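**Q** Here you go, one structure.
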Amino acid sequence: MPHPDAIVIGGGIVGAACARELARGGLQVTLIEADFIGGAATAAGMGHIVVMDDSPAQFALTALSRSLLDAVAAELPATVERDACGTLWVAEDADQLELAREKQTAYVAAGTEASVVDGDELRRLEPELRPGLAGGMLVPGDGVVYPPALARWLADAARAAGASVLEHRPVERLDGRVVVTGGERLEAAIVVNAAGAAGPVLTPGLPIVPRRGHLAITDRYPGFCRHQVLELGYLQSAHTLSGESVAFNVQPRVTGQVLIGSSRELVGWERATNRALLTRMLDRAAAFMPRLGTLSVLRSWIGFRPATPDKLPLIGRWPATDGLWIAAGHEGLGITTALGTARLLGDLVLGRAPSLDPAPFDPARAMEPVGAADG
Amino acid sequence: MADTIEIVVNGVPLRVAPDESLAAALFNAGVRSTRRSAGAEARGPLCGMGTCFECRVTVDGIAQRRACLEPVRDGMTVDTNG
Amino acid sequence: MVEASGAALHADVAVVGAGPAGIAAAVHAAERGARVVLLDSAPRPGGQIWRHRSPGELPPEAAAWLDRLRRSDVTWLPGSTVVDALADRTLTAERDGRPLTVHWNALVIATGATERFIPFPGWTLPNVFGVGGLQALLKAGVDVRGKRVVIGGSGPLLLPVAAALARAGARIVIVAEQAPAHRVYRFAAGLWRDPGRLLQAGRYRAGFMRAAYRCGIWVARVDSAGSALWVTLTDGRRVWTEPSDLVAVGYGLVPSVALPRLIGCNVIDGRVLVDQSQRTSVPGIYCAGEPTGIAGADAALAEGRVAGLAAAGAEPDGRGPRGAARRFERRLDRAFRLRQELHDLPDPDTIVCRCEDVRLAQIDAGWSARQTKLYTRAGMGPCQGRVCQPALEYLRGMAPDAVRTPVFPASVATLAACGRIPQGDS
């Protein structure tokens, strides 16, 4: 059996994007997925496309990714449900509004349109927000997508560029660059571990742990919310590496349903709902949008974000194994940064000039001794 | 005890029997469609027992009320949203 | 019977579902001195088979049970939909849009069954109902005088529903049972073991003399014709059309097991596993009636009694009713097994998921329930798969997806209340 040039392990949105990028770059690619494309963390997430500035590296990756998605927007089928609704960051008080102003300055300086709004304008933009909020920041170029459909589109694009996509093929282990799956041994000069939170199973030492989140979705209430709405405290929640936290985050779907998040906890691969944490999440959401309490919830679910110690994904060579590359560890930004990740990985694999500074994402940093406690 | 009570359906007053379900009242008044589906098709009750959710209507301003489980009440306002 | 309001109740025994099984469980537990809370989504007790507006409409046995319930100390919570429950002895219901918590020591799940719908062209038209569905609507006050009705599908429910419609003034065009005559008659003959049932069957047949109860026939499609309907019937060879005003089609019953699955009970083949005392695999939780297997009202009453007694700490006497119920269920299954042709009932463009308008052709063969949901939205609507999942299981062999709270749509406020219950309360 002829070897492909590259094997991408993991058919989530990141793996699918990488397969597409490498195939379009001229490589013969095989994408292997344990279940079905886009069915794991990709399917569980909120599908937000959001430029986020927790660090310059994160800003660069999210901004690049967003523009890459914009570039293909016209090709996306309706199932992807791309909605350029923008993000509205909410400031509860004067301190947070000051933070919003600083962020807005930084966004604009880096070329991403953003504006500061006061409390009145905030409620004009989102009438369901409670009175008394100080204001916020609007980022009009952000939006939402339906992630499983986007992952499928990316996998289909990979196929169209000559890749073969193998579904329902769990990978038992990686022996160097040999992928062992279902009694078969597949080998390629380039193997990409894009298996997300399951990545460490194949590549021991990969510093990724599952960081669980709850979500809930309502019945159809068109117009209830018009933008993706996030509290500025979201960054605080995403920032802490341990313990439980919640942050207000709602999103309109094209169906008119409201998607409510978000929560974070480290509980390994526990599947049972943490009702107390779900309650905290819903309470926080209702605190910002009081009438949310009356909306009918059709279902809730959990998902596992692939989390790294420094909140940045690992994109690049894995130093311990020749030919092994990593594209994993995106925490809550996998949907946003799939295209930018694939672009950067493609740059590095194919020897193109990197589209952004690869150093912050270098997997080699995982080999370094653990630094000071996270700030 | 009155023979009939009055409810308002899509702005139109209707006299209905006091002990029937809202779904029955709508049917008897010739309102066979309780909602429009995601694809804009007219739909009416299917299961009669509160599990199919086809009979959802807005009652007194509150959406997603299952008409087959809802007893009629004097003065109740109902919107079938198509 | 005590009607109650209030945000949190404490009970020795909580009973979910006020059909025959739940009523029997609640009454027997209360008569043994337990504090009992009985919940149901509907405004009155009775479930599906004993649905009524006034007790005078009910057969004497049912009326007696409802009277016994009324005279008991059971706390009755109508209009209360259970949305969550935990094995550590709490449940949360929604009533009038507000959360209601019940702390219990023992839980009896008597959530009954739903109809199995197999999609066919035209099944989503207004005036096309389930068989139990039209019966429920009839009992809730729908006026069918002078209306032509076609009844189709499968199972012992078809006859009593046709009889009830005929008594209410409807014109029964046909009662089309898909099972072949020899199997149906063997089942009916088997009822000689239970003279009561045979008598009932005879009464049904006599109840609509002009109507035809025909076997080996099913509804192939329904088309709209102005304010009426054209119903196409077939026996697999001949095809013909009848005009009608109403159509009722249902293919048997499916146990309602979302709540037991949520709370962790063993559910095999869509049925809750119970022992001779109706105990599930979770301590303190019992299950009675249809969720343990479709076996009708008599089995439900017997099982409810056993569950109620056991839940109240009184050991039930003699052999449990499970054996007889299972035997009846097997006879039902054999007689009314669905014929192969029904797999071809839906066209590729027939809607399978009514909540989200997903057509059969959109669902690839071999997809799991989860993949179907994520790729097409089928099962993502408010019915939470109660209508489409049994259909897809029949048509595609699709096993159900995992269950998570809430097991019925619930407001954000109610769902939030589920995580606010202090643990360890008695």
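**Q** Out of everything in the stretch B:27-58 that is under 13 Å from B:Leu69 (Cβ atoms) and outside any loop (DSSP other than H, G, I, E, B), what residue ends up being farthest from the other protein chains (Cβ to nearest Cβ)?
**A** Of all residues in the stretch B:27-58, those under 13 Å from B:Leu69 (Cβ atoms) come to B:34, B:45, B:47-57.
From the residues that got through so far, the ones that are outside any loop (DSSP other than H, G, I, E, B) too are B:56-57.
Numbers: B:Arg56: 7, B:Val57: 13 Å.
Out of the qualifying residues, it is B:Val57.
**Q** Which condition from (1) more than 26 Å from A:Gly38 (Cβ to Cβ); (2) outside any helix (DSSP H, G or I) is the one that A:Arg284 breaks?
**A** (2)
**Q** Out of C:Leu246, C:Leu259, I need the residue that is touching a Lys or Arg at 6+ places or on another chain (Cβ under 8 Å) and either assigned by TED's automatic domain parsing to the domain that holds C:Ala21 or in contact (Cβ under 8 Å) with a residue 12 or more places away in the chain (or both). Which one? Before you say what the answer is, go through the steps one by one.
**A** Details: C:Leu259 fails: touching a Lys or Arg at 6+ places or on another chain (Cβ under 8 Å).
Being touching a Lys or Arg at 6+ places or on another chain (Cβ under 8 Å) and either assigned by TED's automatic domain parsing to the domain that holds C:Ala21 or in contact (Cβ under 8 Å) with a residue 12 or more places away in the chain (or both) holds for just one of C:Leu246, C:Leu259, which is C:Leu246.
**Q** For A:Gly346, which of the numbered conditions (1) buried (at least 22 other Cβ atoms within 10 Å of the Cβ); (2) under 28 Å from A:Ser245 (Cβ atoms) fails to hold?
**A** A:Gly346 satisfies every listed condition except (2).
**Q** Moving on to the next point. Take the residues of the stretch C:340-359 that are in contact (Cβ under 8 Å) with a residue 12 or more places away in the chain and surrounded by fewer than 20 Cβ atoms within 10 Å (Cβ to Cβ): which is farthest from the other protein chains (Cβ to nearest Cβ)? Outline the logic, then answer.
**A** First, pick out the residues of the stretch C:340-359 that are in contact (Cβ under 8 Å) with a residue 12 or more places away in the chain: C:341-343, C:345-356, C:358.
In the following step, the residues that additionally are surrounded by fewer than 20 Cβ atoms within 10 Å (Cβ to Cβ) were identified as C:341-343, C:347-350.
Details: C:Glu341: 23, C:Leu342: 18, C:His343: 21, C:Asp347: 15, C:Pro348: 16, C:Asp349: 11, C:Thr350: 12 Å.
If we take residues in the stretch C:340-359 being in contact (Cβ under 8 Å) with a residue 12 or more places away in the chain and surrounded by fewer than 20 Cβ atoms within 10 Å (Cβ to Cβ), then C:Glu341 is farthest from the other protein chains (Cβ to nearest Cβ).
**Q** List the number of the failed condition for C:Ile49; all other conditions in (1) crowded, with 16+ Cβ neighbours inside 10 Å; (2) within 23 Å of C:Gly284 (Cα to Cα) hold.
**A** Exception for C:Ile49: condition (2).
**Q** When you go through (1) away from every other protein chain (no Cβ under 14 Å); (2) on the phi < 0 side of the Ramachandran plot; (3) in a loop (DSSP other than H, G, I, E, B) one by one for A:Glu128, which number turns out not to apply?
**A** Tallying (1) away from every other protein chain (no Cβ under 14 Å); (2) on the phi < 0 side of the Ramachandran plot; (3) in a loop (DSSP other than H, G, I, E, B), A:Glu128 fails exactly one: (1).
**Q** Is the stretch A:93-114 home to any residue that is in the same structural domain as A:His227 (by TED's automatic domain parsing) and touching a Pro at 6+ places or on another chain (Cβ under 7 Å)? Don't jump to the end; show me each part of the working.
**A** Of the residues in the stretch A:93-114, the ones in the same structural domain as A:His227 (by TED's automatic domain parsing) are A:93-114.
Then drop every residue that is not touching a Pro at 6+ places or on another chain (Cβ under 7 Å), which leaves A:113.
Scanning the stretch A:93-114, I find at least one residue that is in the same structural domain as A:His227 (by TED's automatic domain parsing) and touching a Pro at 6+ places or on another chain (Cβ under 7 Å), so the answer is yes.
**Q** In the stretch C:371-390, which residue that is at the interface with chain B (Cβ under 9 Å from one of its Cβ atoms) and at negative phi is farthest from the chain's Cα centre (by Cα)?
**A** Taking the candidates together, the pick is C:Gly381.
**Q** Right, another one. If C:Ala413 passes every condition in (1) assigned to a loop (DSSP other than H, G, I, E, B); (2) on the phi < 0 side of the Ramachandran plot; (3) in contact with a Gly (Cβ under 9 Å, 6 or more places away or on another chain) but one, which one does it miss?
**A** It is condition (1) that C:Ala413 fails.
Residue-wise test of (1) at pLDDT 95 or above; (2) basic (Lys, Arg); (3) not in a loop (DSSP other than H, G, I, E, B).
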residue	(1), (2), (3)
A:Arg280	yes, yes, yes
A:Gly293	yes, no, yes
A:Gly303	yes, no, yes
A:Lys311	no, yes, no
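**Q** Within the bounds of the stretch A:251-259, is there any residue that is at pLDDT below 95, within 14 Å of chain C (Cβ to nearest Cβ), in a strand (DSSP E or B) and buried (at least 18 other Cβ atoms within 10 Å of the Cβ)?
**A** For the stretch A:251-259, residues at pLDDT below 95, within 14 Å of chain C (Cβ to nearest Cβ), in a strand (DSSP E or B) and buried (at least 18 other Cβ atoms within 10 Å of the Cβ): absent.
**Q** Looking for whichever is buried (at least 17 other Cβ atoms within 10 Å of the Cβ) and within 19 Å of A:Val250 (Cα to Cα) here; the options are A:Glu121, A:Glu92. Which one fits?
**A** Values: A:Glu121 fails: buried (at least 17 other Cβ atoms within 10 Å of the Cβ).
The unique qualifying residue is A:Glu92.
**Q** Please enumerate the residues belonging to the stretch A:162-186 that are out of contact with any Asp or Glu (no Cβ under 9 Å at 6 or more places or on another chain) and either under 18 Å from A:Ala23 (Cβ atoms) or within 14 Å of chain C (Cβ to nearest Cβ) (or both).
**A** A:Gly162, A:Ala163, A:Ser164, A:Leu186 - these are the residues of the stretch A:162-186 that are out of contact with any Asp or Glu (no Cβ under 9 Å at 6 or more places or on another chain) and either under 18 Å from A:Ala23 (Cβ atoms) or within 14 Å of chain C (Cβ to nearest Cβ) (or both).
**Q** Let me ask another. Return the only residue of A:Gly329, A:Gly323 being within 28 Å of A:Glu187 (Cα to Cα), crowded, with 21+ Cβ neighbours inside 10 Å and either touching a residue at least 24 places away in the same chain (Cβ under 8 Å) or over 18 Å from the mean Cα position of the chain (by Cα) (or both).
**A** Values: A:Gly323 fails: crowded, with 21+ Cβ neighbours inside 10 Å.
Within the list A:Gly329, A:Gly323, the selection yields A:Gly329.
**Q** Of the residues in the stretch A:269-306, how many are over 27 Å from B:Phe53 (Cβ atoms), touching a residue at least 60 places away in the same chain (Cβ under 8 Å) and either buried (at least 18 other Cβ atoms within 10 Å of the Cβ) or not assigned by TED's automatic domain parsing to the domain that holds A:Ser245 (or both)?
**A** Number satisfying all stated conditions: 6.
**Q** Suppose we keep only residues that are in a loop (DSSP other than H, G, I, E, B) and at pLDDT below 95 within the stretch C:142-167. Which one would you say is nearest to C:Cys353 (Cα to Cα)?
**A** As a first pass, look at the stretch C:142-167 and keep what is in a loop (DSSP other than H, G, I, E, B): C:142-147, C:155-157.
Still in the list and also at pLDDT below 95: C:156-157.
Details: C:Pro156: 26, C:Leu157: 24 Å.
Among them, the one singled out is C:Leu157.
**Q** Just checking, how many residues over the stretch B:32-82 are closer than 20 Å to B:Val12 by Cβ, in contact (Cβ under 8 Å) with a residue 12 or more places away in the chain and more than 12 Å from the chain's Cα centre (by Cα)?
**A** Residues flagged as closer than 20 Å to B:Val12 by Cβ, in contact (Cβ under 8 Å) with a residue 12 or more places away in the chain and more than 12 Å from the chain's Cα centre (by Cα) within the stretch B:32-82 amount to 5.
**Q** Answer yes or no as to whether C:Glu303 is touching a Ser or Thr at 6+ places or on another chain (Cβ under 8 Å), buried (at least 20 other Cβ atoms within 10 Å of the Cβ), acidic (Asp, Glu) and not in a helix (DSSP H, G or I).
**A** Details: touching a Ser or Thr at 6+ places or on another chain (Cβ under 8 Å): yes; buried (at least 20 other Cβ atoms within 10 Å of the Cβ): yes; acidic (Asp, Glu): yes; not in a helix (DSSP H, G or I): no.
Taking the combined requirement at face value, the residue does not satisfy it.
**Q** Which residues, counting only those in the stretch C:389-400, are buried (at least 20 other Cβ atoms within 10 Å of the Cβ) and either without any contact (Cβ under 8 Å) to a residue 60 or more places away in the chain or among the basic types (Lys, Arg) (or both)?
**A** Within the stretch C:389-400, C:Gln389, C:Leu392, C:Met398 meet the criteria.
**Q** Between a first residue in the stretch C:110-130 that is more than 7 Å from every other protein chain (Cβ to nearest Cβ) and on the phi > 0 side of the Ramachandran plot and a second residue that is charged (D, E, K, R) and in a loop (DSSP other than H, G, I, E, B), which pairs have beta carbons less than 7 Å apart while being 6 or more apart in sequence or on different chains?
**A** Going by the 7 Å Cβ cut-off, there are no qualifying pairs.
**Q** Test of understanding: among A:Val250, A:Val246, A:Val209, A:Val258, which residue is farther than 22 Å from C:Thr405 by Cα and touching a residue at least 24 places away in the same chain (Cβ under 8 Å)?
**A** Values: A:Val250 fails: farther than 22 Å from C:Thr405 by Cα; A:Val246 fails: farther than 22 Å from C:Thr405 by Cα; A:Val258 fails: farther than 22 Å from C:Thr405 by Cα.
A:Val209 is the lone residue from the list that is farther than 22 Å from C:Thr405 by Cα and touching a residue at least 24 places away in the same chain (Cβ under 8 Å).
**Q** Can you spot a residue in the stretch A:43-58 that is out of contact with any helix residue (DSSP H, G or I) (no Cβ under 6 Å at 6 or more places or on another chain) and among the charged types (D, E, K, R)?
**A** We begin by selecting, within the stretch A:43-58, every residue out of contact with any helix residue (DSSP H, G or I) (no Cβ under 6 Å at 6 or more places or on another chain); these are A:44, A:46, A:48, A:55-56, A:58.
Filter once more, keeping what is among the charged types (D, E, K, R): none.
Checking the stretch A:43-58: not a single residue is out of contact with any helix residue (DSSP H, G or I) (no Cβ under 6 Å at 6 or more places or on another chain) and among the charged types (D, E, K, R).
The values are calculated or read from the model by the stated rules, or taken from the named source; none is laboratory data. Because the structure is a prediction, the values reported are computed rather than measured. Cβ sites come from the backbone with ideal geometry, for glycine too, and all protein chains shown count toward neighbours.
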